[in-house]
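Heads up, the thing below is written out as structure tokens.
The values are calculated or read from the model by the stated rules, or taken from the named source; none is laboratory data. Bear in mind that the values here come from a model prediction, so they are computed numbers and not experimental data. Positions of Cβ are backbone-derived with ideal geometry, glycine not excepted, and every protein chain shown enters the neighbour counts.
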Amino acid sequence: MKRDLTPWLLLPIVALAMLPLMSFSTWLTLTIAGAAMGMMLFLMASGLTLVFGLMDVMNFAHGAFITLGAYLAVTVLGRLSGWGGPDSLAWNLAALAVAVTTGAIATGAVGAVFERVIIRRVYGSHLQQILITMGGLIVAGQLVIVLWGAQPLQVAKPVLLRGSFLLGGAAIETYRLVAVVLGLLVFGIAYLVLNRTRIGLLVRAGVENREMVEALGFRIERLFVAVFVAGAALAGIGGVMWGGYQEVVTATIGDEMTVLIFIVIIIGGLGSVTGCFQAAVLVGLTTNYVGYLTPKLALGSNIALMVLVLLWRPRGLFPVAKQ
Amino acid sequence: MAEKILLQLEGVQTHIGRYHILHGVDLSVPEGGLTVLLGRNGAGKTTTLRTVMGLWRASAGRILFDGTDIAAMATPDIARLGIAYVPEAMGIFTGLTVRENLLLATTAGRFDDARLDAVFALFPVLKTKWHDAAGGLSGGQKQMLAISRAMVEQRRLMIVDEPTKGLAPAVIEHLIGGFHTLKQSRTTILLVEQNFHMARSVGDSVAVMDDGRVVHAGTMADLAGDEALQGRLLGLSLAAHQ
Ligand SMILES: Nc1ncnc2c1ncn2[C@@H]1O[C@H](COP(=O)(O)OP(=O)(O)OP(=O)(O)O)[C@@H](O)[C@H]1O
Ligand SMILES: [Mg+2]
């Protein structure tokens, strides 16, 4: 099957175009920072793009899963602070792995309840979806305050993940490298599941034409629940990683990402996981380069990026055929 | 005729939103034969098929499939009874390969090689395009793929909505050949078709719809031999389509 490879060129083009504007070591630091941010954006956004693509559901409460993940990072890493000392990188990574796993399971479970109690009642009506998920977001924010308090909390990030090492004259934060590896891993797994399994085949088919999937004898609701839960779990993982990256967690940490996440899924093409991955890295890189060159333009640059991409490809980098 | 009726609609009414589209459709599809549903544009043919598939809900009446009322069943359950649906727009997944499109039409996710060979014998182009994205197929090839989806496994009933729409005459002849092969396998077929040449060549029985009702039902032989009846029933649709 022929694949559309042009959008993949965008990443190296953007990265290389920045090289003349700064020293190599600065460029390397920014590129890795951008890639790391991109991977975390991908984790946070991938579920949302599939939920929209498959069921045409707009979930504005998606940020709550991220917030929950970030607070779980506070709690789990706090409990495991004994593992986070300076002696063993393995134990440091193990603490992060436990936090990530807990985040995935807990947000996945919350996602399952949220789908059943709220989302399922508002299929087909965008207005209701927007209103009720916005409401859900507010309630979730309050619950977080009840559980964890209103004051900002510090993440007990394992000591060795705070440090950095030198590469090509540039200081690379270990945590960012971990984020890049995790993001690539999750993307790889998501790609294999979508392209090599029957469930993945059904999801791709359902994103394109839900009705026909049903007419072939498959219950799309079950598929949707699975995708919704997986998407929530991924957002939870993203939240854990983002919380650790920010080091300070507040009840709005997820909401603050929502605009960026919507930019990512629109640039990528609604419903496309590959597009989401591309777009997330593109947004991560742009944010970091522009943040360095002209700090005031950082958010504006992402909106400009979205406009440019949409002028080039009106339905995003990897448009999904819709019927 | 003492033949068994596989699909029977009795007084089926369908509303779409606030529009009353079907006003009591009565239709019998005998087992093992090909029934053509004719009627002018907007008569309610597509709505009838969609109602059988559960894609619209019947607001009144019964839809009996092999004696069971399926009017309240969900679409996937209806499909699992062995009913294949080829919609007007064909419902091809353009982002998926030809192979993946056909794979989704199997219940277990595995091909029966003998059946696949039969599909390739009928539509060789599907074999050459096996790993290509279905979105790149021509209209006729897409229609062949859509019909093949109903062939990779034995179905009890196949429902096809206007497969010749927009196709070149040579392709239509090819499809007619396909339907003859399907008929030999004794698959029951309900076919909406405006092309009377095709309808006459493959149809055993015929029903004609107008304004949300079936206004005539009988054998294709009777209709084909009676030009006055054709003129009265189909004047409009034939004038518009030939
Ligand atoms: N989604 C819809 N909303 C409102 N009205 C509809 C809808 N679909 C069909 N109709 C109306 O229902 C009537 C029957 O339409 P239907 O598509 O069943 O006719 P048809 O016999 O298949 O016609 P054609 O030959 O054009 O395919 C038409 O008047 C049409 O305008
Ligand atoms: Mg129609």
Task: Criterion (of a type outside the set (Lys, Arg) and within 16 Å of residue A:217 (Cα to Cα)) met by exactly one of B:83, B:21, B:16, B:63 - done: B:83
TODO: Go through the range A:235-253 and give me each residue that's more than 13 Å from the chain's Cα centre (by Cα), crowded, with 23+ Cβ neighbours inside 10 Å and closer than 17 Å to residue A:163 by Cα.
DONE: A:244
TODO: Answer with yes or no whether residue A:57 is over 15 Å from the mean Cα position of the chain (by Cα), under 30 Å from residue A:210 (Cβ atoms) and buried (at least 20 other Cβ atoms within 10 Å of the Cβ).
DONE: yes
TODO: Report the residue count in the range B:64-93 for those that are of a type in the set (S, T, N, Q) and assigned to a loop (DSSP other than H, G, I, E, B).
DONE: 0
Open item on the list: Show me the helices (runs of 4 or more DSSP H) entirely contained within the range A:136-234 in which 3 or more residues are buried (at least 17 other Cβ atoms within 10 Å of the Cβ), within 14 Å of chain B (Cβ to nearest Cβ) and at pLDDT 90 or above.
Closed with: A:198-208, A:210-215
- [ ] Mind telling me which of the residues B:157, B:137, B:145, B:126 ends up being away from every other protein chain (no Cβ under 11 Å), hydrophobic (A, V, I, L, M, F, W, C) and more than 30 Å from residue A:269 (Cα to Cα)?
- [x] B:157
Task: Those residues of the range A:210-226 which are more than 18 Å from residue B:81 (Cβ to Cβ) and among the small types (Gly, Ala, Ser), in sequence order - done: A:226
TODO: Considering each residue of the range A:150-199, count those that are touching a Ser or Thr at 6+ places or on another chain (Cβ under 8 Å) and of a type in the set (Lys, Arg), and give that number.
DONE: 1
Open item on the list: Within the range B:1-17, take every residue that is more than 22 Å from residue B:220 (Cα to Cα) and crowded, with 22+ Cβ neighbours inside 10 Å and give me the one that is farthest from ligand 2 (Cβ to nearest atom).
Closed with: B:12
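This table checks each residue for (1) free of Cβ contacts under 8 Å to residues at least 12 places away in the same chain; (2) within 16 Å of ligand 2 (Cβ to nearest atom); (3) within 9 Å of chain A (Cβ to nearest Cβ); (4) within 22 Å of residue B:205 (Cβ to Cβ).
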position	(1), (2), (3), (4)
B:19	yes, yes, no, no
B:34	no, no, no, yes
B:38	no, yes, no, yes
B:110	yes, no, no, no
Task: Check on residue B:43, in the same structural domain as residue B:216 (by TED's automatic domain parsing), touching a residue at least 24 places away in the same chain (Cβ under 8 Å) and more than 13 Å from ligand 1 (Cβ to nearest atom) - done: no
- [ ] For the range B:40-73, enumerate the residues that are within 12 Å of ligand 2 (Cβ to nearest atom), modelled with pLDDT of 95 or more and polar (S, T, N, Q).
- [x] B:46, B:47, B:48
TODO: Those residues that are more than 8 Å from chain A (Cβ to nearest Cβ), surrounded by 23 or more Cβ atoms within 10 Å (Cβ to Cβ) and hydroxyl-bearing (Ser, Thr, Tyr), I need them from the range B:63-93; list them, please.
DONE: none
- [ ] Tally the residues that are under 14 Å from residue B:51 (Cβ atoms) and touching an Asp or Glu at 6+ places or on another chain (Cβ under 6 Å), restricting the search to the range B:64-80.
- [x] 1
Open item on the list: Of everything in the range A:27-84, what is assigned to a helix (DSSP H, G or I) and among the aromatic types (Phe, Trp, Tyr)? Give them in sequence order.
Closed with: A:27, A:42, A:52, A:65, A:71, A:83
- [ ] Determine if the range B:20-29 includes at least one residue that is within 13 Å of ligand 1 (Cβ to nearest atom), assigned to a loop (DSSP other than H, G, I, E, B) and out of contact with any Pro (no Cβ under 8 Å at 6 or more places or on another chain).
- [x] no
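Please indicate, with yes or no, whether at least one residue in the range B:164-171 is charged (D, E, K, R), within 16 Å of ligand 1 (Cβ to nearest atom) and within 14 Å of another protein chain (Cβ to nearest Cβ).
No, that holds for no residue.
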Task: the range B:94-108, subset over 22 Å from the mean Cα position of the chain (by Cα) and in a loop (DSSP other than H, G, I, E, B), residue farthest from the other protein chains (Cβ to nearest Cβ) - done: B:108
TODO: Kindly provide the set of residues from the range B:46-62 that are among the basic types (Lys, Arg) and either in a helix (DSSP H, G or I) or within 11 Å of another protein chain (Cβ to nearest Cβ) (or both), ordered by number.
DONE: B:50
Task: the range B:46-76, residues that are touching a His at 6+ places or on another chain (Cβ under 9 Å) and near ligand 1 (Cβ under 9 Å from one of its atoms) - done: B:56
Task: Lone unmet requirement of (1) more than 19 Å from residue B:163 (Cα to Cα); (2) at pLDDT below 95; (3) within 15 Å of ligand 1 (Cβ to nearest atom); (4) small (Gly, Ala, Ser) for residue B:108 - done: (3)
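Residues B:229, B:223: which one is away from ligand 1 (no atom under 13 Å from the Cβ) and surrounded by 16 or more Cβ atoms within 10 Å (Cβ to Cβ)? Outline the logic, then answer.
On the way: B:229 fails: surrounded by 16 or more Cβ atoms within 10 Å (Cβ to Cβ).
One residue alone meets the criteria, B:223.
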